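Input: a single structure, listed below in structure tokens.
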Amino acid sequence: MKGATTNICYNVLDRNVHEKKLGDKVAFYWEGNEPEETTQITYRELLVKVCQFSNVLRKQGIRKGDRVAIYMPMIPELVVAMLSCARLGALHSIVFAGFSAESLCERILDSSCSLLITTDAFYRGEKLVNLKMLADEALEKCREKGFPVRRCIVVKHLGRAELGMGDSPSQSPPVKRSCPDVQISWNQGVDLWWHELVQEAGDECEPEWCDAEDPLFILYTSGSTGKPKGVVHTTGGYMLYVATTFKYVFDFHSEDVFWCTADIGWITGHSYITYGPLANGATSVLFEGIPTYPDVGRLWNIVDKYKVTKFYTAPTAIRLLMKFGDEPVTKHSRASLQVLGTVGEPINPEAWLWYHRVVGSERCSIVDTFWQTETGGHMLTPLPGATPMKPGSATFPFFGVAPAILNESGEELEGEAEGYLVFKQPWPGIMRTVYGNHGRFETTYFKKFPGYYVTGDGCRRDQDGYYWITGRIDDMLNVSGHLLSTAEVESALVEHEAVAEAAVVGHPHPVKGECLYCFVTLCDGHTFSPTLKEELKKQIREKIGPIATPDYIQNAPGLPKTRSGKIMRRVLRKIAQNDHDLGDTSTVADPSVISHLFSHRCLVTQ
Ligand code: WT7
């Protein structure tokens, strides 16, 4: 209805507490990095915490339409922070805590965030991440670029035990691990402690009423130019879409315990940890740790601990755990499991079958959900128990989704076919714009084939009408289910003084799906050495983050180029794989570089 108003935070919290009488229902079981660090939070408690923090944000001057950056590990305050932004109609821009300071700075600047919410530090398995230090670095860079972020609110997470906040299970997660080696520097006038601010805040807060089309959040995703795109989702359509897909794709029932292992820093976490489950009044697990710590049975230990019924993870995690055999899985009961989901990249049939046979003991439905940051929610997916499964196929479109497969000339192909995957009509959860750059939104998704939304993925439809995603057909790479653009890695490499030119291609990897294989041409006077390789890796980690660390770096005195100077990545991909079947190379300006590169291939990861 035109002119109607809503608020997504109200819908996922107040409505559940007051109308659905779910106040005492657990919203999240929080499981920390250490198995003994746990807490739970009910819908009523979550509502109170969100109201308090919304009041804090309001007092700090945050208003409807403002942008707030969030850089946090998987702790309950992350959910509180995002829902508080939503309550005020402010846009949250969550930056995955595995991204570098430089990446955070770039994202803060792109959407001019006036406030940052972060955390002192956290453990990821054995590894300590001093997040506040990275946040400080990012804010320093922002200042240097003439954009001082007004406030930085810091959650005391590792230092929580010393606050004496860990006693009551439903208060705050007790963190037992003391952490003497973390030094937090404090910027007077900018930094504020979360726990001090909420102490003074009231626990009621009137939501800001929003139009269905008011923006809800920005989430950055890699773009083929190298500059990340700020994907903007809006309130009404996104709310409807994640609530509906969650309900049907996971066959939600009120007694379910749902667990999505993604990080909230990615769209999977936004849609299927926070908004989708809460909109349905579901109970979920919120997990801070990793699948291999303290041992490789951690996921199944958690499944049994909370009697998880619906479980959602990525092929890369499945492949990682497969390596350790069946025993770490089968020694846990897993009897509660009913539906197993997968997302992020094509799942190879071998991993699918292991997931089905070993994890699901052949009783569970597998839902292979194809979607994107841009789509907000599931697009191609089976419905559990209803869609006959084929290992490796995302099967059929969700209700209201109209896929098509196009050939290079943009003609729709019927029946069995392979080509570009597009969508013919919009759906409620479609992104609405690229933040601050509507032109880029139009060119990226709608220009190649006018009238269609272009996914950037290749796809095959078989004789039974099943859809099979064949992978990206642009310059994007999918490393462990995360998209990276070749351009962003290349520009990180050429920023090193020794590198004149770089070309990056995807290379098959048994666990990550794809890894990065880099070819670098050095400037005169520089020599290729193990030290240089280390420096280049460090450079990439600092510019982008650890997820972009390359597995291979090869010295390339020359790169295969067309006569017009375009790097032929198609040829480089073949070289990396030692595949001499290069196809047509008549357009290569200097064919001698190809044989040189073949004979100097990297044989082992570095
Ligand atoms: C790209 C989107 C959406 C959540 C996580 C990734 C690939 C995603 C599948 C799947 C085959 C998949 C596609 C897509 N992808 N799910 N089930 N089967 N490929 O979000 O970072 O926006 O990446 O991930 O290539 O375009 P994203």
Residue list for the range 254-286, filter: among the acidic types (Asp, Glu) and more than 16 Å from the ligand (Cβ to nearest atom): GLU255, ASP256
Search result, residues across the range 458-484 that are in contact (Cβ under 8 Å) with a residue 60 or more places away in the chain, in a strand (DSSP E or B) and either away from the ligand (no atom under 11 Å from the Cβ) or of a type outside the set (S, T, N, Q) (or both): TYR467, TRP468, ILE469, GLY471, MET476, VAL479, HIS482, LEU483, LEU484
Breaking point among (1) without any contact (Cβ under 8 Å) to a residue 60 or more places away in the chain; (2) among the polar types (S, T, N, Q); (3) more than 16 Å from the ligand (Cβ to nearest atom), for GLN338: (1)
Qualifying residue in the range 516-527 (condition: touching a residue at least 60 places away in the same chain (Cβ under 8 Å) and crowded, with 16+ Cβ neighbours inside 10 Å): yes
Any hit, the range 218-234, residues being modelled with pLDDT under 95, out of contact with any strand residue (DSSP E or B) (no Cβ under 7 Å at 6 or more places or on another chain) and closer than 23 Å to ALA138 by Cβ: yes
Every residue from the range 539-589 that is of a type in the set (A, V, I, L, M, F, W, C) and assigned to a helix (DSSP H, G or I): ILE540, ILE547, ALA548, VAL571, LEU572, ILE575, ALA576
Tally, over the range 113-158, of residues that are buried (at least 19 other Cβ atoms within 10 Å of the Cβ), closer than 29 Å to LEU299 by Cα and either modelled with pLDDT under 95 or charged (D, E, K, R) (or both): 4
Qualifying residue in the range 439-447 (condition: in a loop (DSSP other than H, G, I, E, B), touching a residue at least 24 places away in the same chain (Cβ under 8 Å) and not acidic (Asp, Glu)): no
Residue that is surrounded by the most Cβ atoms within 10 Å (Cβ to Cβ) [pool: residues in the range 159-198 that are part of a helix (DSSP H, G or I) and modelled with pLDDT of 95 or more]: TRP194
Every residue from the range 384-412 that is of a type outside the set (D, E, K, R), within 17 Å of TYR355 (Cα to Cα) and away from the ligand (no atom under 11 Å from the Cβ): PRO384, GLY385, PRO388, MET389, PRO391
Residue ranges of helices (runs of 4 or more DSSP H) in the range 6-124 with at least 2 members in contact with an Asp or Glu (Cβ under 8 Å, 6 or more places away or on another chain), without any contact (Cβ under 8 Å) to a residue 40 or more places away in the chain and farther than 21 Å from CYS260 by Cα: 43-59
Scan of the range 486-511 for residues that are in contact with an Asp or Glu (Cβ under 6 Å, 6 or more places away or on another chain) and within 16 Å of the ligand (Cβ to nearest atom), ordered by number: THR486, GLY506
Single residue of the range 341-362 satisfying the filter (farther than 17 Å from PRO384 by Cβ and in a loop (DSSP other than H, G, I, E, B)) that is farthest from the ligand (Cβ to nearest atom): ASN348
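If I ask for residues that are in a helix (DSSP H, G or I) and touching a Pro at 6+ places or on another chain (Cβ under 8 Å), which ones from the range 125-138 would you list? Don't jump to the end; show me each part of the working.
Of the range 125-138, the ones in a helix (DSSP H, G or I) are 131-138.
Selection gives LEU131 alone.
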Filter pass, GLY226 being over 21 Å from the mean Cα position of the chain (by Cα) and either β-branched (Val, Ile, Thr) or surrounded by fewer than 22 Cβ atoms within 10 Å (Cβ to Cβ) (or both): no
Residue within the range 368-379 that is in a loop (DSSP other than H, G, I, E, B), buried (at least 19 other Cβ atoms within 10 Å of the Cβ) and β-branched (Val, Ile, Thr) present: yes
Lone unmet requirement of (1) under 25 Å from the mean Cα position of the chain (by Cα); (2) farther than 20 Å from LEU286 by Cα for HIS92: (2)
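Could you pull out the residue among GLY325, GLY400, GLY392, GLY377 that is at pLDDT 95 or above and touching a strand residue (DSSP E or B) at 6+ places or on another chain (Cβ under 7 Å)?
None of the other options fit; the residue is GLY392.
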Residue list for the range 1-54, restricted to those being hydroxyl-bearing (Ser, Thr, Tyr) and under 28 Å from the mean Cα position of the chain (by Cα): THR6, TYR10, TYR29, THR38, THR39, THR42, TYR43, SER54
Residues of the range 209-223 satisfying the condition of being under 17 Å from the mean Cα position of the chain (by Cα) and among the small types (Gly, Ala, Ser): SER222, GLY223
Filter pass, THR381 being within 14 Å of the ligand (Cβ to nearest atom), of a type in the set (Ser, Thr, Tyr) and within 19 Å of ASN348 (Cα to Cα): yes
Every residue from the range 572-606 that is modelled with pLDDT under 90, within 23 Å of GLU534 (Cα to Cα) and hydrophobic (A, V, I, L, M, F, W, C): CYS602, LEU603, VAL604
Condition met for PHE446 (among the hydrophobic types (A, V, I, L, M, F, W, C), under 25 Å from the mean Cα position of the chain (by Cα) and surrounded by fewer than 19 Cβ atoms within 10 Å (Cβ to Cβ)): yes
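The values are calculated or read from the model by the stated rules, or taken from the named source; none is laboratory data. Computed from a predicted model, the values in this text were never measured in an experiment. Cβ: placed from backbone, ideal geometry, glycine included. Neighbour counts: every protein chain shown.
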